[in-house]
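See below for the structure under consideration.
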Amino acid sequence: MPDFIYNNKVYYNPVEFAMDRIGGTWKMPILWRLQNRVFRFSELKKDIPHITDKMLTSQLRQLEAEGFVSRKVYPVVPPKVEYSITEKGKTAIPIIATIRNYGLELMDREGIKHQIKR
């Protein structure tokens, strides 16, 4: 496949392009959680260990800009904001599930204990 440019960035293959959209440490865990329910920022923060406020904000903004996540702001004081997965975001869930299951298989092979249920 020839190189292509999207948003002033050169990509060399479609995997690189896809991983730029949903890859990294935090985007897939965020999408994974949003697949089943709507979350407020503080709920996501509590549910995702080790993520900082700054990183969660950054990742949510990127996912929203790419159309994977929807952000709904309620006109109340204090501010109330809810995040939900979009139809586009739902298309990433089977891919995330495959990567997740592969990771669990690798952990099992290496004897790494985990509490995640398949």
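All of the numbers you see were taken from the coordinates with simple rules; none came from a lab. All values reported here derive from a predicted model rather than from experimental measurement. Virtual Cβ from ideal backbone geometry, glycine too; neighbours counted across all protein chains shown.
Calculate the spin-label point distance for LYS72 paired with PHE4, positioning each point 7 Å from the Cα along the beta-carbon direction, and give it in nanometres.
Simple spin-label model gives 3.3 nm for this pair.
Can you list the aspartates and glutamates whose alpha carbon is less than 20 Å from that of LYS113, not counting same-chain residues fewer than 8 positions off?
In chain and number order, the partners are GLU105.
If I model a spin label at ILE112 and SER84 as a point 7 Å from the Cα along the Cα→Cβ vector, what separation in nanometres do I get?
It is 3.5 nm.
Label points 7 Å out from Cα along the Cβ direction at LEU104 and MET19: separation in nm?
For the pair LEU104/MET19, the computed spacing is 2.3 nm.
Once you keep just the Cα pairs under 8 angstrom separated by 6 or more residues, what percentage relative contact order results for the range 5-118?
24
Determine the calculated [θ] at 222 nm for the chain from helices alone, applying -39500 (n - 2.57) to every DSSP H run no shorter than 4 residues and normalising by the residue count; nearest 500 deg cm²/dmol.
-14500 deg cm²/dmol
Find the eigenvalues of the gyration tensor of the Cα atoms of the chain, then list the square roots of 5 times those eigenvalues as equivalent ellipsoid semi-axes, largest first, in whole angstrom.
Ellipsoid semi-axes (Å, largest first): 25, 22, 12.
State the number of lysine pairs found in the range 4-109 whose Cα atoms come within less than 18 Å, restricting to pairs 8 or more positions apart or on distinct chains.
Total qualifying Lys-Lys pairs in the range 4-109 comes to 14.
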